[in-house]
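Report on the structure given below.
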Amino acid sequence: MAALLFVLIQKFDSRLLQHINKSLQRLYDNLQVVIREQPKLRNYINGLEKDKEKVQEIIKTVSLSIETLINENEVATEIEDLNRRISRVIGRISLFLESYQEIQDDHELKREISDLDSHISYLETLLEEDKKEELLSSILSRISKYMTEWAKELELEHSDSPYRLDIKNLTVIADQEERPIPMKRMGSGENWLGCHLISHLALHKYFIQKQRPIPSFLILDQPTQVYFPPELYQKMEGDPEELTDDDRKAVKMMFDLLFKVCLELNPNLQIIVLDHANLQYTEFQNALVEDPWRNEMALIPKEWINFDI
């Protein structure tokens, strides 16, 4: 019994071994086939990859075309809407023109229009005049500021009050609280001289600041004459002893103001003074163009007068 069982097991093992060997042989054969076909498979896969890329490019191109068509469709829709609105406006204009009736000439209406145009022109002229008056008032206010400041420096009468230029009467006025004081009522040649100086200097300063085409020079002929007695003025030799301290002070203040304004507006203002006075202080002496005329020296030589024709 045992021998029979051994024989059966041996036969079973032999068959099992044969089956395993066959399976291994088939597997080996299949592997050999796969190894032989591997290059072809790789080429095939590469071909499929290239086809995939081409298909992706086609999809991308088609997507762009679709997007472009959508955008063009939106633009076309907007254009269509715009055309509809244009057509509607044209229709309204056409309806208005069809229903419009030409009005006959109305001479009365034309006359009223002409009268209104004339009145408008008149009102515009008044407005322009108001602007001119306003501008002139502003200019005179600025000039008055300079004049008031310099009147105090010259210690003129009523210099505690604002000074101004009366453009209508061409005079200078000091505005006191009680009443305005015109230049002719200020009482002395010294004040008249001061009023002329501050008004001329103020005008030149404004013109220069505004770059107006006005000649920028001022010529003063013998401004010190109001301070010197006539007999001294004819034989002037420097600073005479007979001149009072107040007059000396006033003359120096006058020239100090001229120097100050000329320096402030330099190099745009030139002040030329023709005078017999020869003040003995440095700034005055440095400003002299030539030595004082003495010893019968004059603009016209004496021999010309005695010339026998």
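The values are calculated or read from the model by the stated rules, or taken from the named source; none is laboratory data. None of the values given here were measured: they were computed from a predicted structure. Please note: Cβ atoms are built from the backbone with ideal geometry, for glycine as well, and neighbour counts cover all protein chains shown.
What to note about this one:
- If you filter the range 7-26 down to residues that are of a type in the set (A, V, I, L, M, F, W, C) and either on the phi > 0 side of the Ramachandran plot or modelled with pLDDT of 80 or more (or both), you find that the one that is nearest to the chain's Cα centre (by Cα) is Leu24.
- Within the range 30-48, being of a type outside the set (A, V, I, L, M, F, W, C) and surrounded by 10 or more Cβ atoms within 10 Å (Cβ to Cβ) holds for Asn30, Gln32, Glu37, Gln38, Arg42, Asn43, Tyr44, Asn46, Gly47.
- Condition met for Asn286 (modelled with pLDDT of 85 or more, in contact with a helix residue (DSSP H, G or I) (Cβ under 6 Å, 6 or more places away or on another chain) and among the polar types (S, T, N, Q)): no
- Each residue in the range 161-177 was checked for being outside any strand (DSSP E or B) and in contact with a strand residue (DSSP E or B) (Cβ under 9 Å, 6 or more places away or on another chain), and 3 of them qualify.
- Sole exception among (1) surrounded by fewer than 13 Cβ atoms within 10 Å (Cβ to Cβ); (2) modelled with pLDDT of 90 or more; (3) among the hydroxyl-bearing types (Ser, Thr, Tyr) for Ser137, by number: (2)
- Scanning the range 149-178 for residues that are free of Cβ contacts under 8 Å to residues at least 12 places away in the same chain and at positive phi returns a single hit, Leu170.
- Sole residue being modelled with pLDDT of 80 or more and under 47 Å from the mean Cα position of the chain (by Cα), chosen from Ser114, Ser87: Ser114
- For Ala151, the requirement of being surrounded by 14 or more Cβ atoms within 10 Å (Cβ to Cβ) and in contact with a His (Cβ under 9 Å, 6 or more places away or on another chain) is met.
- Considering residues of the range 220-232 that are surrounded by fewer than 17 Cβ atoms within 10 Å (Cβ to Cβ) and under 15 Å from Glu190 (Cβ atoms) only, the residue modelled with the lowest pLDDT: Pro229
- Reported count of residues in the range 186-206, each being surrounded by fewer than 18 Cβ atoms within 10 Å (Cβ to Cβ) and under 40 Å from the mean Cα position of the chain (by Cα), is 3.
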